[in-house]
Amino acid sequence: MIIYCLTDEHVEVPYDNLIGVSLDNLNLHRAELENTNLSTSSLIDSNLRGAFLYNASLERCNLQGTNLITADLRKTNLVQANLKGCLANFALFNEANLENANLIDANVDGTDFQGAVLRGAIMKCYHLDKANFKNSIFDDKTVWPDNFDAIQKGAIKV
């Protein structure tokens, strides 16, 4: 299977689909993965900078340490995804489902979580104060850093 990237550096992987596979340490800069099912796959330390993951399924994916700078993750399913230590500066998570996702030590400077589902997510991120949480939804199980006021940032508690 070939993963097409807008950098013209396409990546060939030895799989028929991308469910439950290892894509660790790959350069997938500006990869075209819209509407793709990558559930339970591992992308540890991969470069997904500027990747197009609109409406993709990344449920239970391991994205630890992954570069997601400026990636388009709008409407993406990231339920129980591990985003620990990822670089998500200026990424788009608008209307994404991040329920029970782990974002410990993720860098979210300028990241847009507008309308995202954050129920049960661990949001102990760097630069959280510089992210957009307008109309994002969280609950009592969502873990925020001490002294961070998600409601003041526009999030809605349900």
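Rounded to a whole number, what % of the accessible area of the chain do carbon and sulfur atoms account for, probe 1.4 Å?
Here it works out to 44 percent.
Name the residues whose placed amide hydrogens come within less than 5 Å of the amide hydrogen of residue 22, ignoring near sequence neighbours (fewer than 5 apart) on the same chain.
HN-HN under 5 Å from residue 22: 42.
In percent, what relative contact order does the chain have, based on Cα pairs under 8 Å that are 6 or more apart in sequence?
About 13 percent, as a whole number.
Per residue, how much accessible area does region 28-109 show when a 1.4 Å probe rolls over the protein heavy atoms, in square angstrom?
Per-residue value: 36 Å².
Relative contact order, percent, of region 1-44 when contacts are C-alpha pairs under 8 Å separated by at least 6 residues?
Taking the mean separation of contacting Cα pairs over the length of region 1-44, I get 42 percent.
Using alpha-carbon pairs under 8 Å, 6+ residues apart, how would you state the relative contact order of region 98-158 in percent?
The value is 32 percent.
Among rounded, prolate and oblate, which fits region 7-103 when a ≥ b ≥ c are the square roots of the eigenvalues of its C-alpha gyration tensor, a/c under 1.5 means rounded, and a/b larger than b/c means prolate?
Note, shape of region 7-103 comes out rounded.
Cross-chain or 8 or more residues apart, Cα under 16 Å: how many lysine pairs in the chain fit that? Count them up, please.
8
How would 123, 1 line up by accessible area, probe 1.4 Å, largest first?
From most accessible down to least: 1, 123.
The values are calculated or read from the model by the stated rules, or taken from the named source; none is laboratory data. Just so we're clear, the structure is a prediction, and the values are computed from it rather than from any experiment. Note: areas computed on protein heavy atoms with side chains; ligands, DNA, RNA excluded. Shrake-Rupley method; radii C 1.70, N 1.55, O 1.52, S 1.80 Å.
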